[in-house]
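Engineer: Could you have a look at this structure, given as structure tokens, before my questions?
Every read-out reported here was derived from the displayed coordinates using simple, explicitly stated rules and does not represent laboratory data. Since the model is a prediction, treat every value here as computed from it, not as a measurement. Ideal geometry is used to build each Cβ from the backbone, glycine not excepted, and the neighbour counts take in all protein chains shown.
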């Protein structure tokens, strides 16, 4: 073999090696940008600004869309506790949805409206419990506790929305039971 042929092969191998490295670097850059976009959307959906927490949620596959469903389902579940969603409860849930990024023209907003019109089945609650359990395994205790606290505060606010007389907010017995059930899911999943 001539020296030129060897040199040509050497250059071809060198080119191929650096081409693959460049492709890998480019793919890593693309993934980093996608991850940043996902974290930004999750920040808007959750109100969480701590980048470490957002990265942790992104790492376990929590997206802004899945978070919205995760976050809003317990509110809907509480609203249905008395077997009827009161107009004040509906308004409170839809306001919360809008405040965390659900706009009227999204499929997730329409899904939420369907949940408010027709009670989601037991399989939805089971799916939510499974999601909570899976999330608890993938995030830090601090992140999990913050999520639990936020969900439970908003669920209580929905429970108070339709109850009470003369400005005193009362939570019905059925709503209290559902709130306890939701909190037990969080506590049981954290164990």
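Engineer: Kindly express, to the nearest 10 degrees and within the range 0 to 90, the angle between helix 64-79's C-alpha long axis and the longest C-alpha principal axis of the chain.
Structural biologist: Taking Cα atoms only, the helix is inclined about 10 degrees.
Engineer: What FRET efficiency would be calculated for the residue pair residue 91, residue 117, taking the C-beta separation as r and a Förster radius of 25 Å, to the nearest 0.05?
Structural biologist: Once the sixth-power term is evaluated, E becomes 0.95.
Engineer: Between the helical axis of 107-117 and the dominant principal axis of the chain, each derived from Cα atoms, what acute angle in degrees is found, rounded to the nearest 10?
Structural biologist: Compared with the principal axis, the helix lies near 20 degrees.
Engineer: While we're looking at this one, here's another question. Points 7 angstrom from Cα along the Cβ direction at residue 134 and residue 172: gap in nanometres?
Structural biologist: Going from the residue 134 label point to the residue 172 one covers 3.2 nm.
Engineer: Which order do 183, 105, 59 fall in if you start with the one that has the fewest other Cβ atoms within 10 Å?
Structural biologist: With the fewest neighbours first, 183, 105, 59 line up as 105, 59, 183.
Engineer: In degrees between 0 and 90, to the nearest 10, how far off the longest principal axis of the chain does helix 173-190 point, with axes built from Cα atoms?
Structural biologist: Once rounded, one gets 30 degrees.
Engineer: According to the Cα gyration tensor, what semi-axes, each the square root of 5 times an eigenvalue, does the equivalent ellipsoid of the chain have, listed from largest to smallest in whole Å?
Structural biologist: That gives 49, 17, 14 Å for the three semi-axes.
Engineer: Taking other Cβ within 10 Å of each residue's Cβ, how do 125, 186 sort, fewest first?
Structural biologist: In increasing order of surrounding Cβ atoms, one gets 125, 186.
Engineer: OK, next. Tell me the relative contact order for the chain as a rounded percent, counting alpha carbon contacts under 8 Å between residues six or more apart.
Structural biologist: Value for the chain: 23 percent.
Engineer: In the Gaussian network model of the chain, springs joining C-alpha atoms below 10 Å, which of 57, 68, 13 carries the largest mean-square fluctuation?
Structural biologist: Per the Cα network of the chain with a 10 Å cutoff, 13 tops the list.
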